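Here is the structure we will look at.
The values are calculated or read from the model by the stated rules, or taken from the named source; none is laboratory data. All values reported here derive from a predicted model rather than from experimental measurement. Cβ coordinates were reconstructed from backbone atoms using ideal geometry, including for glycine residues, and neighbour counts include every protein chain displayed. Surface accessibility is based on the protein's heavy atoms, side chains included, excluding ligands, DNA and RNA. Shrake-Rupley method; radii C 1.70, N 1.55, O 1.52, S 1.80 Å.
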Amino acid sequence: MSAVLAVAWQRLLGAAWGGRAATLCRALRTGPRRLQELAEAAAAKEVENQSATDLSPLILQRNSMRWDGKIYEEIPIAHIKATYNNTHIQVVSFDNRPFARTSCGTEGFQNAKKGTAIAAQTAAMAAAVKARGKGVLHVRVMVKGLGPGRKAAIRGLTMGGLEVISITDNTPVPHNGCRPRKARRM
């Protein structure tokens, strides 16, 4: 900062000596305030001159966040498929080796009860317990489907002892693809 102030003072004196004596007197009277303004202007120009290439190593630097010594890409994934009639949960490693797999049907729910939020939560808790038994502590969650077990399954994973790092929605959305089935009449 002192170097910037010295440069600003030199510029001020140079401008004063090139002008009339009145300019010199005005510069000396308003010296500290004017000097502060010139210093701020010089600092602002230095910030503007800093190009994006100077900041690129910071942008391209790999994320240093780790969970259990693993980077984000190596954290196991919990796939949740929530349909209207059932909810499937599968916990796999980052290279797709399965750790645990459950659904509402395998947990003992039958017929319409498979499509409830309680069934999804119970199935997710069972999958979390199985995965914890194989050493999984943190998971990334991928949710697919619009069933009632979406939120409940994520809640069940946390209740089962897994820490959820991120939640991604992979629900397929048609861009006006197939013609939908006819409306149901009641």
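Worth pointing out:
- Inspection of the stretch 56-63 identifies at least one residue that is open to solvent by 40 Å² or more (accessible area, probe 1.4 Å) and either modelled with pLDDT of 65 or more or closer than 30 Å to Ala153 by Cα (or both).
- Going through (1) in contact (Cβ under 8 Å) with a residue 40 or more places away in the chain; (2) under 12 Å from Ala78 (Cβ atoms) one by one, Thr158 falls short only on (1).
- Neighbours by Cβ (under 6 Å, 6+ apart or cross-chain): first from the stretch 132-146, under 15 Å from Lys70 (Cβ atoms) and open to solvent by 10 Å² or more (accessible area, probe 1.4 Å); second assigned to a loop (DSSP other than H, G, I, E, B) and at pLDDT below 95: Leu137/Asp68; His138/Ile75; Arg140/Ile75
- Condition check for Thr106: more than 10 Å from Ala78 (Cβ to Cβ), open to solvent by less than 10 Å² (accessible area, probe 1.4 Å) and not in a helix (DSSP H, G or I): no
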